[in-house]
Amino acid sequence: MRVIVALCLPLLLMACEPANKHALARVNGVEISSRQAPTTQAALEKVIDRELLVQKALEAGLDKDPAVAETIDNARRQVLAQAYVERVASSGVKPSRDEVRAFYDENPALFAERRIYRIRELTVASPADLVEGDLEQIAASLRARGARFSLTTQTQPAEELPLAFLPKLSRMKPGETAVFSTPGGASAIQLIQAEDAPLAREQAQALIEQFLAGRKRLEIAAAEVKKLREGARIEYVAQVKR
């Protein structure tokens with residue numbers, strides 16, 4: 001059912017797209033067009049396959065199924081909301097050189113002192129389940145209590161780790177363990193090895209610009225939603241848990 005909804009959605013959104021689309025193919029007499037032409041024959045064939053499934057879904061009246069119609073409407077609203085956010089945040093998000101330089105200097109663990117870490121990570125759903133100590137002792141304690149946890153070994157550069165982990169992790173020595181709170185619970189991380197892999201500001205500039213621009217978009221979007229809420233009349237009808 002979800003596959004068919006996903007295939008039908010582009011048809012419902014066609015009215016939102018600008019003109020100047022490229023004709024791609026005709027399927028059972030129905031012309032398929034898009035603002036961007038597929039770059040490969042395989043991509044075009046997938047568009048044709050989608051159209052065949054959409055035609056059969058429409059023949060079966062699936063667009064009138066209440067559950068499907070609601071899902072399509074929700075997806076359409078999400079697309080429109082995202083399009084509005086993109087328009088509002090389309091200008092004024094490019095960071096300045098000073099902003100890039102400041103971010104580089106404020107985050108040495110990501111750049112000038114960047115490292116690639118090999119770690120063992122134990123994760124649990126409740127922060128209260130973890131206490132400082134040896135990783136094996138923590139695991140043994142959790143097993144004794146019947147607590148569920150996962151234990152993995154991985155190699156990750158600094159930028160792929162949570163930013164909040166880096167100040168403590170960058171000071172740790174091989175064999176040491178530290179406990180961190182996470183949105184989903186908590187993690188106990190044992191450092192196995194750390195290899196220096198610094199990035200000069202010139203190397204990191206594009207990445208920093210992308211990150212700062214994304215952060216500015218989120219800030220602009222949050223400010224716009226706040227403004228819209230202040231000017232709207234909102235009446236809560238449904239009773240939901242807080």
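Only the coordinates and a few stated rules stand behind these numbers; no lab work does. Remember, predicted model here, so these are calculated numbers, not experimental data. Every residue, glycine among them, receives a Cβ derived from its backbone with ideal geometry; neighbour counts consider all protein chains shown.
Given +1 on the Cβ of Lys and Arg, -1 on the Cβ of Asp and Glu, and no further charges, what dipole in debye does the stretch 112-169 carry about its Cα centre, rounded to the nearest 20?
Here the size comes out at about 120 debye.
Relative to the longest principal axis of the C-alpha atoms of the chain, give the angle of the C-alpha long axis of helix 2-13, reported between 0 and 90° and rounded to the nearest 10°.
Helix 2-13 and the main axis of the chain meet at about 60 degrees.
Per Stokes-Einstein, at 10 °C and 1.306 mPa s, what whole-number D in µm² s⁻¹ belongs to the stretch 40-118, with the Kirkwood radius over Cα pairs as the hydrodynamic radius?
On the way: Rh = 17.9 Å.
The estimated diffusion coefficient comes to 88 µm²/s.
Using Cβ counts within 10 Å as a stand-in for footprinting exposure, how do Ser90, Ser34 rank, fewest first? Don't jump to the answer; show the numbers that get you there.
Details: Ser90 10, Ser34 15.
Ascending Cβ contact count within 10 Å gives the list Ser90, Ser34.
So how long is each side of the stretch 113-242 along the principal axes, counting just the alpha-carbon atoms, biggest first, in Å?
56, 48, 18
Taking the chain as the reference, fit the longest principal axis to its C-alpha atoms, fit the long axis of helix 135-145 to the helix C-alpha atoms, and give the angle between the two in degrees, 0 to 90, nearest 10.
Approximately 70 degrees, to the nearest 10.
Just want the ordering: Val100, Val240, from fewest to most Cβ atoms lying within 10 Å of their own Cβ.
Working: Val100 19, Val240 5.
By the 10 Å Cβ count, ascending, the order reads Val240, Val100.
Taking the Cα centre of the stretch 150-242 as the origin, how large is its charge dipole in debye, to the nearest 20, when only Lys and Arg (+1) and Asp and Glu (-1) carry charge on their Cβ atoms? Before the final figure, lay out each step's value.
Working: 13 positive and 11 negative charges, 125 e Å.
Magnitude of the dipole: close to 600 debye.
Which lysines does Lys226 reach when only Cα atoms under 28 Å apart count, and residues fewer than 8 places away in its own chain are ignored?
Within the straight-line limit of under 28 Å, Lys226 reaches these lysines: Lys94, Lys216, Lys241.
Among Tyr236, Tyr84, Tyr117, which comes first, second and so on when ranked by fewest other beta-carbon atoms within 10 Å?
Values: Tyr236 6, Tyr84 13, Tyr117 23.
Final ranking by Cβ density, sparse to dense: Tyr236, Tyr84, Tyr117.
Which option, [x] 1, 5, 9, 9, 9, 9, 10, 12, 13, 11, 7, 3, 1, 0; [y] 1, 7, 14, 19, 21, 17, 11, 6, 3, 1, 0; [z] 1, 5, 10, 13, 13, 11, 9, 7, 7, 6, 6, 5, 3, 1, 1, 0, 0, is the value of P(r) over Cα pairs in 5 Å bins from 0, in percent that was calculated from these coordinates?
Correct label is [x].
Could you work out the longest stretch of the chain that avoids the GluC sites (Glu not before Pro) located in DSSP loops with at most 15 other Cβ atoms within 10 Å? Intermediate results must be reported in sequence, preceding the final value.
Details: sites that count: Glu113, Glu132, Glu176, Glu235.
Counting only loop sites that pass the neighbour cut-off, the longest clear stretch is 1-112.
Give the cross-link partners of Lys227 among the aspartates and glutamates, using a straight C-alpha distance below 19 Å as the criterion and excluding same-chain residues fewer than 8 apart.
Filter leaves Glu86, Glu219, Glu235.
Round to the nearest 0.05 the FRET efficiency obtained for Ala140 and Ile192 when R0 = 22 Å and r is the Cβ-Cβ distance.
With R0 = 22 Å, the Cβ-Cβ based efficiency is 0.70.
Where the only charges are on Cβ atoms (+1 Lys, Arg; -1 Asp, Glu), what is the dipole of the chain about its Cα centre, to the nearest 20 debye?
On the way: 34 positive and 32 negative charges, 92 e Å.
For this selection, approximately 440 debye.
Relative to the first principal axis of the alpha-carbon coordinates of the chain, what is the inclination of helix 201-231, with its axis defined by its Cα atoms, in degrees from 0 to 90 and to the nearest 10?
Around 60 degrees separate the two axes.
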